[in-house]
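Here's the structure we're looking at; comments come further down.
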Amino acid sequence: ILLLVSGSLMIVVTLARNIQVQVYFKRKSLQHGTEQGNYTCGLWLLNASSALFNIVAYSAWMALGFLNGNSDNAQVVELHDTAALIFVVGSSLYSALQIVLLFRQEQYYFLYKALIAIVGLASLISLGIYAA
């Protein structure tokens with residue numbers, strides 16, 4: 001049950017972060033007097049794809065709650081391992097894309113950005129270790 005609750009809450013947080021990034025860049029655009037301004041199609045795509053990666057990752061996380069990795073059924077074990085891999089890859093991609101979006105935002109101090117980047121890079125490194 002905890003996997004379902006935590007996964008659901010992370011999906012809500014992901015959607016909230018997605019909206020926060022959209023609002024930030026739209027406000028910056030209005031400050032510069034342009035309709036589109038800093039929130040380009042590329043940034044929109046980064047924001048939307050990062051949210052999608054994290055939603056898929058945490059959906060796989062919730063599926064892990066139903067799949068027993070120690071099962072005698074080989075298909076269940078394979079689904080469990082696949083869901084775990086989807087979670088690790090998806091959440092790592094989310095971290096990497098959010099680092100890019102974070103460095104495009106001017107409201108945060110550089111030290112804060114650097115700390116978040118270190119956490120995101122640690123996630124990517126753990127992905128490499130997990131994949132090896």
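Just a few scattered comments:
- The lone exception for ASN68 - which of (1) buried (at least 17 other Cβ atoms within 10 Å of the Cβ); (2) farther than 20 Å from LEU15 by Cβ; (3) not acidic (Asp, Glu) it fails: (1)
- Matching residues, the range 104-115, being in a helix (DSSP H, G or I) and either more than 24 Å from CYS41 (Cα to Cα) or open to solvent by 100 Å² or more (accessible area, probe 1.4 Å) (or both): ARG104, PHE110, LEU111, TYR112, ALA114, LEU115
The rows are residues; the columns are (1) in contact with a Leu (Cβ under 6 Å, 6 or more places away or on another chain); (2) open to solvent by less than 30 Å² (accessible area, probe 1.4 Å).
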{"site": "CYS41", "(1), (2)": "no, no"}
{"site": "LEU52", "(1), (2)": "no, no"}
{"site": "ALA57", "(1), (2)": "no, yes"}
{"site": "MET62", "(1), (2)": "yes, no"}
{"site": "ASN73", "(1), (2)": "no, no"}
{"site": "LEU102", "(1), (2)": "no, yes"}
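- Within the range 1-23, residues that are closer than 15 Å to TYR94 by Cβ reach no partner that is assigned to a helix (DSSP H, G or I) and among the acidic types (Asp, Glu) with beta carbons closer than 6 Å at six or more positions or on different chains.
- Candidates SER50, SER92, filtered to the one that is polar (S, T, N, Q), at pLDDT 90 or above and under 22 Å from ILE118 (Cα atoms): SER50
- Residues in the range 38-89 that are touching a residue at least 40 places away in the same chain (Cβ under 8 Å), outside any helix (DSSP H, G or I) and more than 19 Å from LEU102 (Cβ to Cβ): GLY65 alone.
- Filtered residue count, the range 93-123, keeping only those that are of a type in the set (S, T, N, Q), out of contact with any Gly (no Cβ under 8 Å at 6 or more places or on another chain) and without any contact (Cβ under 8 Å) to a residue 60 or more places away in the chain: 1
- Tallying residues that are modelled with pLDDT of 80 or more and surrounded by 15 or more Cβ atoms within 10 Å (Cβ to Cβ) within the range 121-132 yields 0.
The values are calculated or read from the model by the stated rules, or taken from the named source; none is laboratory data. Everything numeric in this text was worked out from a predicted model, so none of it was measured. Here Cβ is always computed from backbone atoms with ideal geometry, including for glycine, and neighbour counts include all displayed protein chains. When the accessible area is computed, the model is the full protein with side chains, heavy atoms only, and any ligands, DNA or RNA have been set aside. Shrake-Rupley method; radii C 1.70, N 1.55, O 1.52, S 1.80 Å.
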